[in-house]
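First the structure, in the form of structure tokens, and then the observations on it.
The values are calculated or read from the model by the stated rules, or taken from the named source; none is laboratory data. This one's a predicted model, so the numbers in the text were calculated from it and none came from an experiment. Reconstructed Cβ throughout: ideal geometry from the backbone, glycine too, with neighbour counts over all protein chains shown.
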């Protein structure tokens, strides 16, 4: 009796769909030579429910193979009782997948579903599928039928849209063999061995789906994403997570600021999946987002796949969950990067056996990046790399933009219709008029009067134009080392490239409290600066050389001050007031915002329009009672426009619903108040920063657009060139690009 088996198949781990994915099926003891073909059935699984999706099923009939390449030993079709069937399904798997590029809006208001401040499974980047192979034979009636007794099935395999070069496939597999001492060399094992982040692969050297080097430069407000393969191995106690740690300019590690018993290292753990509305799924990366109560999003439905993490400075700035050594999440403890030199990102295991899994990526902060952006010197590119992830780079050597116009014109003859060169009537031979009355509507004659005068070679009587205008740009990189060569060349060959646009901002006020505030720079509204007030350098601050504290929790510890530095208020722009504060003891109120002034710069304007420093525009904090846990919190408030009769809203941390200034306000100055009102406490303030923003959209320039704070424009790379400097092993690249989106015009 005939028997069957699958005797060659890919690795059981996640495999690449850009190399052969071969399944080989054998029928043995076919004494009557009945079996003529085999049907390979490839069925994808629904990514959310894990249920087989028969509507997308693919069935392929395969003839016997005379010889199967790269098979160590086979009888194949050379033996009369054995038939082998083989099929490469990689092209079919690629049809099931696409690239899953998620631009991050960081808009956490309801209804926005693209925020990946933490992480998100890249649903289109990988696929679960089942393989079933059925034997077909000729029955007694001569019909081709399936012999279900010989069915062979593999219920679950996984493939990813990741393309490795042939050299990488071989070298990575060989490197793993040398590292582990194992001689196993399974088909498609490179992703499983070198790219899968799991507890069993805790080598500290697992790779990410990127061509960027492990040392990178990033600006103080830039998004960056890393894609990686994660495998929980069905063990919730050892699930891999990503961890971010920060290094200050003096070389020390950023602490959380607590003093009981001593400051602890402040880490950001990326261990949640974003739901898209500013909230997060249950405490796991292995979730599709959405509410766990919805069966479609149960975290148990996903244990392995391709994930995308937000690890840029902007992503970190917006991260509201995952901070370690803090008793209460809800406010991000990093907003300003001026005293942070770099940070590292790597994956590690959780549970009792914590170990490094992935390679350590180090991001070095370019503190001048916003100034380059303000003056139009920099352009940030994001592109799909050949591994399926998103790589990013800021060209800031030089930036040029221009407009390219291509026009086609279709013109009617300048001469109207006429019957003859001489008149249109028998009694008139006037060549020009045609008839006696040249204002007639008759179409006789060589020239006819028009609205704009007689037609001529200078005046186009009737024309149609087709005009296409493309915005072009040229960007030049900073010198980059040979480690970045592959990444830069990958940008030139990528089919999907974006440039980053959005709000254009500038910092218009900064106080880092490196020294105790004084009446030279601040006007005291209440309290004092020095009584039980001073500066400290050992409290986990991120800006300047010190942090300012006020109070000892034994009496009246209030301080309320407004800066003597005023800035002109433009209601067409939007202003962000950011502060970083903490409280060691006490329970007084904290206020942070702006004091308004009239055009004379001396008459105060409260939210009620009266000349008073009280009842000010407290847009960031208003009567906030911070928990006395000695932990830093970052808060932001926004203001724009003018109001007349409507009520003032404060504070507001959502730029979509910014506060409005009183209609009499022409100038503002920043203010802060701690331990209000005459309360006992000890509070700290690290910095107070005001930023002014406007939109870069053509029709809203000089204004702002909250829904386009950060957005991405698709472009086509026209050409590029790289110049290498052998003596220093560095290169620069110049690229020319065109915006690929259509310009809308009136037809």
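Might you let me know whether the stretch 374-395 holds any residue that is more than 30 Å from residue 471 (Cβ to Cβ) and touching a residue at least 60 places away in the same chain (Cβ under 8 Å)? So that I can check it myself, show each step before the final result.
The first filter runs over the stretch 374-395 and keeps only residues more than 30 Å from residue 471 (Cβ to Cβ), leaving none.
Taking every residue of the stretch 374-395 in turn, none turns out to be more than 30 Å from residue 471 (Cβ to Cβ) and touching a residue at least 60 places away in the same chain (Cβ under 8 Å).
Taking residue 543 as meeting all but one of (1) crowded, with 22+ Cβ neighbours inside 10 Å; (2) not in a loop (DSSP other than H, G, I, E, B), write down the number of the exception.
For residue 543, the exception is condition (2).
For residue 529, state whether it is part of a loop (DSSP other than H, G, I, E, B), surrounded by fewer than 21 Cβ atoms within 10 Å (Cβ to Cβ) and modelled with pLDDT of 95 or more. Walk me through how you get there before you give the answer.
Numbers: part of a loop (DSSP other than H, G, I, E, B): yes; surrounded by fewer than 21 Cβ atoms within 10 Å (Cβ to Cβ): yes; modelled with pLDDT of 95 or more: yes.
For residue 529, the condition - part of a loop (DSSP other than H, G, I, E, B), surrounded by fewer than 21 Cβ atoms within 10 Å (Cβ to Cβ) and modelled with pLDDT of 95 or more - is met.
A quick yes/no check of all residues on (1) in contact with a strand residue (DSSP E or B) (Cβ under 6 Å, 6 or more places away or on another chain); (2) at pLDDT below 90; (3) not assigned by TED's automatic domain parsing to the domain that holds residue 131:
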{"position": "154", "(1), (2), (3)": "yes, no, no"}
{"position": "170", "(1), (2), (3)": "no, yes, yes"}
{"position": "179", "(1), (2), (3)": "no, yes, yes"}
{"position": "184", "(1), (2), (3)": "no, yes, yes"}
{"position": "189", "(1), (2), (3)": "no, yes, yes"}
{"position": "208", "(1), (2), (3)": "yes, no, yes"}
{"position": "212", "(1), (2), (3)": "yes, no, yes"}
{"position": "228", "(1), (2), (3)": "yes, no, yes"}
{"position": "237", "(1), (2), (3)": "no, yes, yes"}
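Just to check your reading of the model, which residue among 599, 679, 673 is modelled with pLDDT of 95 or more, under 15 Å from residue 550 (Cβ atoms) and part of a loop (DSSP other than H, G, I, E, B)?
Numbers: 599 fails: under 15 Å from residue 550 (Cβ atoms); 673 fails: part of a loop (DSSP other than H, G, I, E, B).
That would be 679, the only listed residue that is modelled with pLDDT of 95 or more, under 15 Å from residue 550 (Cβ atoms) and part of a loop (DSSP other than H, G, I, E, B).
Looking at the structure I just gave you, is residue 223 modelled with pLDDT under 95, assigned by TED's automatic domain parsing to the domain that holds residue 390, part of a strand (DSSP E or B) and in contact with a helix residue (DSSP H, G or I) (Cβ under 9 Å, 6 or more places away or on another chain)?
Working: modelled with pLDDT under 95: yes; assigned by TED's automatic domain parsing to the domain that holds residue 390: yes; part of a strand (DSSP E or B): no; in contact with a helix residue (DSSP H, G or I) (Cβ under 9 Å, 6 or more places away or on another chain): yes.
Against the criterion (modelled with pLDDT under 95, assigned by TED's automatic domain parsing to the domain that holds residue 390, part of a strand (DSSP E or B) and in contact with a helix residue (DSSP H, G or I) (Cβ under 9 Å, 6 or more places away or on another chain)), residue 223 does not qualify.
Can you pull out the residues in the stretch 343-371 that are over 20 Å from residue 285 (Cα atoms) and surrounded by fewer than 18 Cβ atoms within 10 Å (Cβ to Cβ)? Talk me through it step by step, then tell me what you get.
Applying the first criterion (over 20 Å from residue 285 (Cα atoms)) to the stretch 343-371 yields 343, 362-371.
Of everything in the stretch 343-371, those that are over 20 Å from residue 285 (Cα atoms) and surrounded by fewer than 18 Cβ atoms within 10 Å (Cβ to Cβ) turn out to be 362, 364, 367, 368, 371.
Of everything in the stretch 1-48, what is surrounded by 20 or more Cβ atoms within 10 Å (Cβ to Cβ), in contact with a helix residue (DSSP H, G or I) (Cβ under 7 Å, 6 or more places away or on another chain) and part of a strand (DSSP E or B)? Give them in sequence order.
Once the filter is applied, which keeps residues that are surrounded by 20 or more Cβ atoms within 10 Å (Cβ to Cβ), in contact with a helix residue (DSSP H, G or I) (Cβ under 7 Å, 6 or more places away or on another chain) and part of a strand (DSSP E or B), the stretch 1-48 yields 14, 15, 16, 42, 44.
Residue 514 - would you say it is at pLDDT 90 or above, under 37 Å from the mean Cα position of the chain (by Cα) and surrounded by fewer than 18 Cβ atoms within 10 Å (Cβ to Cβ)?
Working: at pLDDT 90 or above: yes; under 37 Å from the mean Cα position of the chain (by Cα): yes; surrounded by fewer than 18 Cβ atoms within 10 Å (Cβ to Cβ): yes.
Answer is yes for this residue.
Give just the number: which of (1) within 30 Å of residue 259 (Cα to Cα); (2) assigned to a loop (DSSP other than H, G, I, E, B); (3) touching a residue at least 60 places away in the same chain (Cβ under 8 Å) does residue 343 not satisfy?
Status for residue 343: all satisfied but (2).
Go through the stretch 49-71 and report how many residues are assigned to a loop (DSSP other than H, G, I, E, B) and surrounded by 17 or more Cβ atoms within 10 Å (Cβ to Cβ).
Step one: list which residues in the stretch 49-71 are assigned to a loop (DSSP other than H, G, I, E, B), which gives 49-51, 53, 57, 63-71.
The next check asks that each one be surrounded by 17 or more Cβ atoms within 10 Å (Cβ to Cβ); those that pass are 64-65, 68.
Selection size over the stretch 49-71: 3.
Return the residues of the stretch 249-263 that are surrounded by fewer than 17 Cβ atoms within 10 Å (Cβ to Cβ) and under 22 Å from residue 356 (Cβ atoms); say none if nothing qualifies. Let's see the steps before the verdict.
Filtering the stretch 249-263 for residues surrounded by fewer than 17 Cβ atoms within 10 Å (Cβ to Cβ) gives 249-253, 259-262.
Answer for the stretch 249-263, where residues must be surrounded by fewer than 17 Cβ atoms within 10 Å (Cβ to Cβ) and under 22 Å from residue 356 (Cβ atoms): 251, 252, 253.
Per-residue answers, yes or no, for (1) under 24 Å from residue 162 (Cα atoms); (2) modelled with pLDDT of 65 or more; (3) assigned by TED's automatic domain parsing to the domain that holds residue 131:
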residue: 33; (1), (2), (3): no, yes, yes
residue: 38; (1), (2), (3): no, yes, yes
residue: 91; (1), (2), (3): yes, yes, yes
residue: 112; (1), (2), (3): no, no, yes
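Condition check: in contact with a helix residue (DSSP H, G or I) (Cβ under 9 Å, 6 or more places away or on another chain) and farther than 20 Å from residue 567 by Cα. Does residue 656 satisfy that? Please lay out each step first, then the result.
Working: in contact with a helix residue (DSSP H, G or I) (Cβ under 9 Å, 6 or more places away or on another chain): yes; farther than 20 Å from residue 567 by Cα: yes.
For residue 656, the condition - in contact with a helix residue (DSSP H, G or I) (Cβ under 9 Å, 6 or more places away or on another chain) and farther than 20 Å from residue 567 by Cα - is met.
Hey, does the stretch 114-130 have a residue that's over 22 Å from residue 388 (Cα atoms) and modelled with pLDDT of 95 or more?
Yes.
On the given criteria, is residue 377 part of a loop (DSSP other than H, G, I, E, B), within 21 Å of residue 313 (Cβ to Cβ) and either touching a strand residue (DSSP E or B) at 6+ places or on another chain (Cβ under 9 Å) or at pLDDT 80 or above (or both)?
Numbers: part of a loop (DSSP other than H, G, I, E, B): yes; within 21 Å of residue 313 (Cβ to Cβ): yes; either touching a strand residue (DSSP E or B) at 6+ places or on another chain (Cβ under 9 Å) or at pLDDT 80 or above (or both): yes.
Here the answer is yes, as residue 377 does meet what is asked.
Given the options 582, 565, name the one that is part of a strand (DSSP E or B), touching a residue at least 24 places away in the same chain (Cβ under 8 Å) and under 40 Å from the mean Cα position of the chain (by Cα).
582
I'd like the full set of residues that are assigned to a loop (DSSP other than H, G, I, E, B) and modelled with pLDDT of 90 or more, limited to the stretch 609-631. Before the answer, list the steps.
Going residue by residue through the stretch 609-631, those that are assigned to a loop (DSSP other than H, G, I, E, B) are 609-616, 625-631.
Listed by number, the residues that qualify are 609, 610, 611, 612, 613, 614, 615, 616, 625, 626, 627, 628.
Taking the stretch 632-661, which residues are assigned to a helix (DSSP H, G or I) and out of contact with any strand residue (DSSP E or B) (no Cβ under 7 Å at 6 or more places or on another chain)?
The first filter runs over the stretch 632-661 and keeps only residues assigned to a helix (DSSP H, G or I), leaving 655-657.
Matches in the stretch 632-661: 656, 657.
May I ask you to verify whether residue 506 is in contact (Cβ under 8 Å) with a residue 12 or more places away in the chain, in a strand (DSSP E or B) and touching a helix residue (DSSP H, G or I) at 6+ places or on another chain (Cβ under 6 Å)? Explain how you work it out, then say what you get.
On the way: in contact (Cβ under 8 Å) with a residue 12 or more places away in the chain: yes; in a strand (DSSP E or B): yes; touching a helix residue (DSSP H, G or I) at 6+ places or on another chain (Cβ under 6 Å): yes.
For residue 506, the condition - in contact (Cβ under 8 Å) with a residue 12 or more places away in the chain, in a strand (DSSP E or B) and touching a helix residue (DSSP H, G or I) at 6+ places or on another chain (Cβ under 6 Å) - is met.
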